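Engineer: Pasting a structure here, questions to come.
The values are calculated or read from the model by the stated rules, or taken from the named source; none is laboratory data. The shown structure was predicted, so the numbers you read here are calculated from the model rather than taken from an experiment. Note: ideal-geometry Cβ built from the backbone for every residue, glycine included; neighbour counts use all protein chains shown. The protein model used for the area step is the full one, side chains on, heavy atoms only, and it has no ligands, DNA or RNA in it. Shrake-Rupley method; radii C 1.70, N 1.55, O 1.52, S 1.80 Å.
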Amino acid sequence: MPSKNIARLLNNESNLRILEKLKEKPYYPRELAAEMKVSEPFVVRRLKAMEECGIVEGVWEAEGNRRVRRYYTKDVNIRLGRGGLEVTTEDVPLKRQINVKNELLGTAIRLPLVILLLIGVFMDIGLIIAALCLYFIWNAAIGYAFYRKFNLKTPLFSLAINLFIALLLAAMLAQDVVAVMPQEIVAIAMAIGAIFVLLALLYRSRFYQLEVDALFDSMEELMEELKNAPAHVRAFYLPSAIRWKANEYFGLI
(Lines give C-alpha, C1' and ligand atoms only; values in the text may rest on other atoms or scores of the structure.)
Protein backbone atom coordinates (compact mmCIF):
# COMPACT_ATOMS: atom_id res chain seq x y z
CA MET A 1 0.00 0.00 0.00
CA PRO A 2 1.32 3.50 -0.84
CA SER A 3 2.97 5.29 2.05
CA LYS A 4 0.46 8.14 1.93
CA ASN A 5 -2.37 5.63 2.60
CA ILE A 6 -0.52 4.19 5.59
CA ALA A 7 0.03 7.70 6.94
CA ARG A 8 -3.65 8.52 6.41
CA LEU A 9 -4.73 5.39 8.28
CA LEU A 10 -2.52 6.17 11.24
CA ASN A 11 -3.59 9.79 11.28
CA ASN A 12 -7.26 8.89 11.71
CA GLU A 13 -8.76 9.11 15.19
CA SER A 14 -11.27 6.28 14.59
CA ASN A 15 -8.53 3.94 13.41
CA LEU A 16 -6.43 4.76 16.46
CA ARG A 17 -9.43 4.05 18.72
CA ILE A 18 -9.87 0.68 17.01
CA LEU A 19 -6.19 -0.14 17.53
CA GLU A 20 -6.44 0.86 21.19
CA LYS A 21 -9.36 -1.54 21.63
CA LEU A 22 -7.54 -4.36 19.82
CA LYS A 23 -4.53 -3.85 22.08
CA GLU A 24 -6.76 -4.67 25.05
CA LYS A 25 -8.08 -7.88 23.46
CA PRO A 26 -8.99 -9.28 20.03
CA TYR A 27 -12.45 -8.47 18.66
CA TYR A 28 -14.60 -9.57 15.74
CA PRO A 29 -16.24 -6.69 13.81
CA ARG A 30 -19.78 -6.87 15.26
CA GLU A 31 -18.43 -7.11 18.80
CA LEU A 32 -16.07 -4.21 18.23
CA ALA A 33 -18.80 -2.09 16.61
CA ALA A 34 -21.05 -2.64 19.62
CA GLU A 35 -18.21 -1.76 21.98
CA MET A 36 -17.45 1.47 20.11
CA LYS A 37 -21.13 2.27 19.39
CA VAL A 38 -20.60 2.58 15.64
CA SER A 39 -21.93 0.62 12.66
CA GLU A 40 -20.47 -2.77 11.77
CA PRO A 41 -19.72 -1.84 8.11
CA PHE A 42 -17.76 1.18 9.39
CA VAL A 43 -15.58 -1.09 11.52
CA VAL A 44 -15.21 -3.73 8.78
CA ARG A 45 -13.96 -1.19 6.23
CA ARG A 46 -11.34 0.14 8.59
CA LEU A 47 -10.19 -3.28 9.75
CA LYS A 48 -9.77 -4.43 6.14
CA ALA A 49 -7.77 -1.33 5.29
CA MET A 50 -5.48 -1.86 8.26
CA GLU A 51 -5.17 -5.56 7.44
CA GLU A 52 -4.03 -4.67 3.91
CA CYS A 53 -1.32 -2.52 5.51
CA GLY A 54 -0.24 -5.38 7.75
CA ILE A 55 -1.14 -3.51 10.92
CA VAL A 56 -3.82 -5.99 12.09
CA GLU A 57 -4.52 -9.62 11.29
CA GLY A 58 -7.90 -11.36 10.99
CA VAL A 59 -8.16 -14.98 12.11
CA TRP A 60 -11.23 -17.20 11.69
CA GLU A 61 -12.20 -18.69 15.05
CA ALA A 62 -15.10 -20.64 16.51
CA GLU A 63 -17.61 -18.58 18.52
CA GLY A 64 -20.27 -20.91 19.89
CA ASN A 65 -21.92 -22.61 16.90
CA ARG A 66 -20.51 -20.18 14.35
CA ARG A 67 -17.20 -18.95 13.05
CA VAL A 68 -16.17 -15.34 13.31
CA ARG A 69 -13.19 -13.40 12.00
CA ARG A 70 -11.45 -12.02 15.06
CA TYR A 71 -8.84 -9.31 14.61
CA TYR A 72 -5.53 -9.06 16.40
CA THR A 73 -2.93 -6.29 16.40
CA LYS A 74 0.39 -7.38 14.91
CA ASP A 75 3.84 -6.71 16.28
CA VAL A 76 4.99 -4.47 13.47
CA ASN A 77 7.60 -1.80 12.87
CA ILE A 78 6.74 1.24 10.80
CA ARG A 79 9.77 2.93 9.31
CA LEU A 80 10.65 5.34 6.55
CA GLY A 81 12.34 3.40 3.78
CA ARG A 82 13.41 4.21 0.25
CA GLY A 83 9.87 3.63 -0.99
CA GLY A 84 8.22 5.70 1.73
CA LEU A 85 6.58 4.37 4.90
CA GLU A 86 7.05 0.62 5.26
CA VAL A 87 5.26 -1.77 7.63
CA THR A 88 7.30 -4.83 8.51
CA THR A 89 7.23 -7.61 11.09
CA GLU A 90 11.04 -7.79 11.06
CA ASP A 91 12.77 -7.10 14.34
CA VAL A 92 14.46 -3.72 14.54
CA PRO A 93 18.18 -4.24 15.19
CA LEU A 94 19.11 -3.32 18.72
CA LYS A 95 21.17 -0.19 19.10
CA ARG A 96 24.79 -0.97 19.83
CA GLN A 97 25.51 -0.43 23.51
CA ILE A 98 28.65 1.49 24.43
CA ASN A 99 30.87 -0.76 26.52
CA VAL A 100 32.74 1.58 28.89
CA LYS A 101 35.41 -1.02 29.67
CA ASN A 102 36.14 -1.63 25.98
CA GLU A 103 36.15 2.11 25.31
CA LEU A 104 38.77 2.63 28.02
CA LEU A 105 40.86 -0.27 26.75
CA GLY A 106 40.56 1.13 23.23
CA THR A 107 41.87 4.46 24.51
CA ALA A 108 44.74 2.62 26.20
CA ILE A 109 45.88 1.43 22.75
CA ARG A 110 46.95 5.04 22.18
CA LEU A 111 49.11 4.95 25.33
CA PRO A 112 52.42 4.60 23.41
CA LEU A 113 51.51 7.76 21.49
CA VAL A 114 50.80 9.61 24.75
CA ILE A 115 54.13 8.45 26.23
CA LEU A 116 55.95 9.59 23.08
CA LEU A 117 54.18 12.96 23.30
CA LEU A 118 55.21 13.41 26.95
CA ILE A 119 58.82 12.48 26.18
CA GLY A 120 58.92 14.96 23.31
CA VAL A 121 57.38 17.79 25.35
CA PHE A 122 59.23 17.37 28.65
CA MET A 123 62.60 16.58 27.07
CA ASP A 124 62.06 19.26 24.42
CA ILE A 125 62.93 16.94 21.53
CA GLY A 126 61.98 18.93 18.44
CA LEU A 127 62.02 15.96 16.07
CA ILE A 128 59.42 14.06 18.12
CA ILE A 129 57.23 17.14 18.52
CA ALA A 130 57.37 17.84 14.77
CA ALA A 131 56.53 14.22 13.93
CA LEU A 132 53.58 14.23 16.32
CA CYS A 133 52.38 17.57 14.94
CA LEU A 134 52.28 16.05 11.46
CA TYR A 135 50.57 12.94 12.87
CA PHE A 136 47.72 14.96 14.40
CA ILE A 137 47.31 16.95 11.17
CA TRP A 138 47.16 13.60 9.35
CA ASN A 139 44.44 12.40 11.74
CA ALA A 140 42.51 15.64 11.22
CA ALA A 141 42.64 15.07 7.44
CA ILE A 142 41.35 11.51 7.94
CA GLY A 143 38.51 12.85 10.10
CA TYR A 144 37.53 15.31 7.36
CA ALA A 145 37.65 12.61 4.68
CA PHE A 146 35.55 10.30 6.88
CA TYR A 147 33.01 13.09 7.40
CA ARG A 148 32.80 13.79 3.66
CA LYS A 149 32.40 10.11 2.85
CA PHE A 150 29.85 9.10 5.51
CA ASN A 151 28.35 12.44 6.59
CA LEU A 152 28.75 11.77 10.33
CA LYS A 153 29.30 14.54 12.86
CA THR A 154 31.61 12.75 15.32
CA PRO A 155 34.66 12.88 12.98
CA LEU A 156 34.22 16.65 12.66
CA PHE A 157 34.75 17.12 16.40
CA SER A 158 37.69 14.70 16.32
CA LEU A 159 39.11 16.83 13.48
CA ALA A 160 38.85 19.98 15.64
CA ILE A 161 40.57 18.31 18.59
CA ASN A 162 43.39 16.94 16.43
CA LEU A 163 43.95 20.34 14.81
CA PHE A 164 44.14 22.07 18.18
CA ILE A 165 46.72 19.58 19.49
CA ALA A 166 48.72 20.05 16.27
CA LEU A 167 48.53 23.82 16.77
CA LEU A 168 49.86 23.50 20.33
CA LEU A 169 52.74 21.34 19.15
CA ALA A 170 53.51 23.81 16.37
CA ALA A 171 53.58 26.59 18.99
CA MET A 172 56.13 24.58 20.98
CA LEU A 173 58.31 24.32 17.90
CA ALA A 174 58.03 28.08 17.36
CA GLN A 175 58.92 29.04 20.92
CA ASP A 176 60.98 32.01 19.77
CA VAL A 177 57.97 33.51 18.01
CA VAL A 178 55.65 32.82 20.95
CA ALA A 179 58.16 34.28 23.44
CA VAL A 180 58.04 37.74 21.85
CA MET A 181 54.25 37.85 21.91
CA PRO A 182 52.55 39.69 24.82
CA GLN A 183 51.83 37.25 27.62
CA GLU A 184 48.23 38.50 27.88
CA ILE A 185 47.54 37.50 24.29
CA VAL A 186 49.13 34.09 24.82
CA ALA A 187 47.05 33.54 27.99
CA ILE A 188 43.81 34.58 26.25
CA ALA A 189 44.59 32.34 23.28
CA MET A 190 45.27 29.39 25.59
CA ALA A 191 42.02 30.00 27.52
CA ILE A 192 39.99 30.20 24.31
CA GLY A 193 41.70 27.07 23.05
CA ALA A 194 40.97 25.17 26.27
CA ILE A 195 37.26 26.13 26.11
CA PHE A 196 37.17 25.17 22.44
CA VAL A 197 38.63 21.71 23.11
CA LEU A 198 36.33 21.15 26.08
CA LEU A 199 33.26 21.96 23.97
CA ALA A 200 34.55 19.79 21.14
CA LEU A 201 35.05 16.87 23.55
CA LEU A 202 31.55 17.30 25.00
CA TYR A 203 29.88 17.48 21.60
CA ARG A 204 31.99 14.61 20.27
CA SER A 205 30.90 12.46 23.22
CA ARG A 206 27.26 13.37 22.59
CA PHE A 207 27.35 12.65 18.86
CA TYR A 208 29.36 9.47 19.44
CA GLN A 209 26.50 8.12 21.55
CA LEU A 210 24.00 9.00 18.81
CA GLU A 211 26.12 7.74 15.91
CA VAL A 212 27.88 4.75 17.45
CA ASP A 213 26.08 2.22 15.20
CA ALA A 214 26.69 4.24 12.06
CA LEU A 215 30.33 4.81 13.01
CA PHE A 216 31.05 1.11 13.46
CA ASP A 217 29.17 0.19 10.28
CA SER A 218 30.99 2.91 8.35
CA MET A 219 34.39 1.78 9.65
CA GLU A 220 33.64 -1.81 8.68
CA GLU A 221 32.62 -0.62 5.22
CA LEU A 222 35.79 1.47 4.94
CA MET A 223 38.02 -1.42 6.00
CA GLU A 224 36.43 -3.62 3.33
CA GLU A 225 36.93 -0.95 0.69
CA LEU A 226 40.57 -0.50 1.65
CA LYS A 227 41.31 -4.12 0.78
CA ASN A 228 40.93 -3.29 -2.92
CA ALA A 229 41.82 0.40 -2.75
CA PRO A 230 44.89 1.97 -4.43
CA ALA A 231 48.07 2.07 -2.39
CA HIS A 232 47.91 5.83 -1.76
CA VAL A 233 44.36 5.51 -0.33
CA ARG A 234 45.45 2.67 1.99
CA ALA A 235 48.43 4.76 3.08
CA PHE A 236 46.20 7.76 3.80
CA TYR A 237 43.91 5.76 6.12
CA LEU A 238 46.80 3.82 7.73
CA PRO A 239 46.40 5.23 11.30
CA SER A 240 42.68 4.40 11.32
CA ALA A 241 43.34 0.93 9.90
CA ILE A 242 45.98 0.21 12.55
CA ARG A 243 43.66 1.29 15.38
CA TRP A 244 40.83 -0.80 13.93
CA LYS A 245 43.00 -3.91 13.61
CA ALA A 246 44.35 -3.42 17.14
CA ASN A 247 40.81 -3.18 18.49
CA GLU A 248 39.88 -6.33 16.58
CA TYR A 249 42.95 -8.17 17.86
CA PHE A 250 42.14 -7.37 21.49
CA GLY A 251 38.46 -8.19 20.98
CA LEU A 252 37.25 -4.66 21.69
CA ILE A 253 34.88 -4.47 18.71
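Engineer: Take Leu127 and Val180, extend 7 Å from each Cα along the Cα→Cβ direction, and tell me the distance between the two endpoints in nm.
Structural biologist: Label-label distance for Leu127 and Val180, simple model: 2.9 nm.
Engineer: Calculate the FRET efficiency for Lys74 and Asn151 from the Cβ-Cβ distance with a Förster distance of 30 Å, rounded to the nearest 0.05.
Structural biologist: E between Lys74 and Asn151, to the nearest 0.05, is 0.30.
Engineer: Also, quick follow-up: Which of the listed residues, Ala170, Tyr72, Asn151, is farthest toward the dipole's positive end in the chain, when Lys, Arg count +1 and Asp, Glu count -1 at the beta-carbon?
Structural biologist: Positive-end residue among those listed: Tyr72.
Engineer: Please get the size of the charge dipole for the chain, origin at its Cα centre, with Cβ charges of +1 on Lys and Arg and -1 on Asp and Glu, quoted in debye to the nearest 20.
Structural biologist: So the dipole magnitude of the chain works out to roughly 860 debye.
Engineer: Right, next: Read phi for every residue in the stretch 199-214 and hand back ³J(HN,Hα) as whole Hz from Karplus 6.51 cos²θ - 1.76 cosθ + 1.60, θ = phi - 60°, with x for Gly and Pro.
Structural biologist: 5, 4, 5, 5, 5, 5, 4, 5, 5, 4, 4, 6, 10, 4, 4, 5
Engineer: If you plug each phi of the stretch 108-121 into the Karplus form 6.51 cos²θ - 1.76 cosθ + 1.60 with θ = phi - 60°, what whole-Hz ³J(HN,Hα) values come out, in order, with x for Gly and Pro?
Structural biologist: For the stretch 108-121, the Karplus-derived couplings read 5, 4, 7, 4, x, 5, 5, 4, 4, 5, 5, 4, x, 6 Hz, x marking Gly and Pro.
Engineer: Then there is this: Solvent-accessible area per residue for the stretch 126-213 at a 1.4 Å probe radius, Å²?
Structural biologist: With all protein chains present, the stretch 126-213 gives 60 Å² per residue.
Engineer: Taking 8 Å as the Cα distance limit and 6 or more residues as the minimum spacing, I'd like the relative contact order of the stretch 1-71 as a percentage.
Structural biologist: Here the relative contact order equals 29 percent.
Engineer: Would you grab the residues whose amide H sits under 5 Å from the one on Tyr27? Only those 5+ places off in sequence or on another chain, please, with H modelled 1.01 Å from N.
Structural biologist: Amide H neighbours of Tyr27, under 5 Å, 5+ apart: Tyr71.
Engineer: Right, here's the next one. With all protein chains present, how much of the accessible area of the stretch 134-209 (probe radius 1.4 Å) comes from carbon and sulfur, to the nearest whole percent?
Structural biologist: It is 74 percent, rounded to a whole number.
Engineer: Let me ask something else. Considering only DSSP states other than H, G, I, E and B, which chymotrypsin sites (Phe, Trp or Tyr not before Pro) in the stretch 146-253 qualify as loop sites with at most 16 other Cβ atoms within 10 Å?
Structural biologist: Those that pass, being in a loop and sparsely packed, are Phe250.
Engineer: If you take the square roots of the eigenvalues of the alpha-carbon gyration tensor of the chain and sort them as a ≥ b ≥ c, do you get rounded (a/c under 1.5), prolate (a/b over b/c) or oblate?
Structural biologist: In terms of gyration-tensor shape, prolate.
Engineer: For Gln209 and Arg67, what does the FRET efficiency come to when R0 = 41 Å and r is the distance between their Cβ atoms, rounded to the nearest 0.05?
Structural biologist: 0.20
Engineer: Quick one: Karplus J couplings for the stretch 145-150, per residue in order, coefficients 6.51, -1.76, 1.60, θ = phi - 60°, nearest Hz, x for Gly and Pro?
Structural biologist: Per-residue couplings from phi come out as 5, 5, 4, 5, 7, 10 Hz.
Engineer: Lys101: which lysines have alpha carbons under 22 Å from its alpha carbon, excluding same-chain residues fewer than 8 sequence positions away?
Structural biologist: Here the lysines satisfying the reach criterion relative to Lys101 are Lys245.
Engineer: Apply 1/(1 + (r/R0)^6) to the Cβ-Cβ distance of Trp138 and Thr107, taking R0 = 25 Å, and write down the FRET efficiency to the nearest 0.05.
Structural biologist: Rounded to the nearest 0.05, the efficiency is 0.85.
Engineer: Follow-up question, since we're still on this one. Find how much the distance from Val197 to Lys48 grows on full extension, using 0.36 nm per residue of separation minus their present alpha carbon separation; answer in nm with one decimal.
Structural biologist: 47.9 nm
Engineer: Here's a follow-up. Between Lys37 and Asn12, how many nm apart are label points set 7 Å from Cα along the C-beta direction?
Structural biologist: Distance between the two pseudo-spin positions: 2.1 nm.
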